[in-house]
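Okay, structure first, notes after.
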Amino acid sequence: MLGVGCDLEPGTLVAAYHRGIFPMIVETPEPLLGWWSPDPRGILPLETFRATKSLKQSAKRFEIRVDTCFERVIRACANPARPKGWITEEFVDAYVRLYAMGWAHSVEVFDRKGVLAGGLYGVKVAGLFAGESMFFHQRDASKVALLALVDLMRTSKMTLLDIQWLTEHLATLGAVEVSRKRYLELLDSALRS
């Protein structure tokens, strides 16, 4: 954590992502707005993303949409019943504003009945997609959203998928940790692409 305080205005957020920093609530007796740049940093190299046969099969059951229901996705990610929930109403409002300005995006996964089954959201700056959160209501739906995001990024010649911290779940899909120094080098390259 680099510091606490400040605000979630669009200019603050975009400037932070340009520098490899992102906001997240710090759990203290009173929640504080913290600004993070982890070392090591979790990334998902697009060339090593592992889509298993079963994931590819699961993907056939769903329809992928992009930016059709951003607020529904972030609110599903912000569900207070989720363990370790940190997305407050202030975050929802801030990222909905970023979405309206074209900086934040969602990848949505719908089942055959047209029900939102899962998705993810994050911030796109040049060749960087900073993944913020994902959710699922149906098995594999969040992984299918990630698969779709990786495909979209490859097609768009984007280079850096930031996942903030490495989790066991994301490691099974090919995510790795890099030093902050290496992350900032990759970020610099992505911002120039």
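Some points to look at:
- All conditions in (1) under 20 Å from Gly122 (Cβ atoms); (2) loosely packed, with under 15 Cβ neighbours inside 10 Å; (3) touching a residue at least 60 places away in the same chain (Cβ under 8 Å); (4) in contact with a helix residue (DSSP H, G or I) (Cβ under 9 Å, 6 or more places away or on another chain) hold for Glu47, with the sole exception of (3).
- Positions within the range 153-171 being in contact (Cβ under 8 Å) with a residue 60 or more places away in the chain and closer than 21 Å to Cys77 by Cα, in sequence order: Leu161, Asp162, Ile163, Gln164, Trp165, Leu166, Thr167, Leu170
- Residues of the range 77-107 satisfying the condition of being aliphatic (A, V, I, L, M) and in contact with a Phe, Trp or Tyr (Cβ under 6 Å, 6 or more places away or on another chain): Ala104
- Residue list for the range 167-193, filter: part of a loop (DSSP other than H, G, I, E, B) and of a type outside the set (A, V, I, L, M): Thr167, Thr172, Gly174, Ser179, Ser193
- Residue in the range 153-166 that is assigned to a loop (DSSP other than H, G, I, E, B), touching a Pro at 6+ places or on another chain (Cβ under 7 Å) and not small (Gly, Ala, Ser) present: yes
- In this structure, Arg61 does satisfy being touching a residue at least 40 places away in the same chain (Cβ under 8 Å), surrounded by 15 or more Cβ atoms within 10 Å (Cβ to Cβ), of a type in the set (D, E, K, R) and part of a loop (DSSP other than H, G, I, E, B).
- Neighbours by Cβ (under 9 Å, 6+ apart or cross-chain): first from the range 75-96, touching a residue at least 12 places away in the same chain (Cβ under 8 Å) and under 16 Å from Leu120 (Cα atoms); second in a loop (DSSP other than H, G, I, E, B) and among the polar types (S, T, N, Q): Ala78/Thr88; Ile87/Asn79
- Qualifying residues in the range 103-152 (those that are of a type in the set (S, T, N, Q) and part of a strand (DSSP E or B)) - the one nearest to the chain's Cα centre (by Cα): Ser133
Since every read-out is calculated from the coordinates, none of them should be taken as a lab result. All figures in this text were calculated on a predicted structure; none of them were measured in a lab. Positions of Cβ are backbone-derived with ideal geometry, glycine not excepted, and every protein chain shown enters the neighbour counts.
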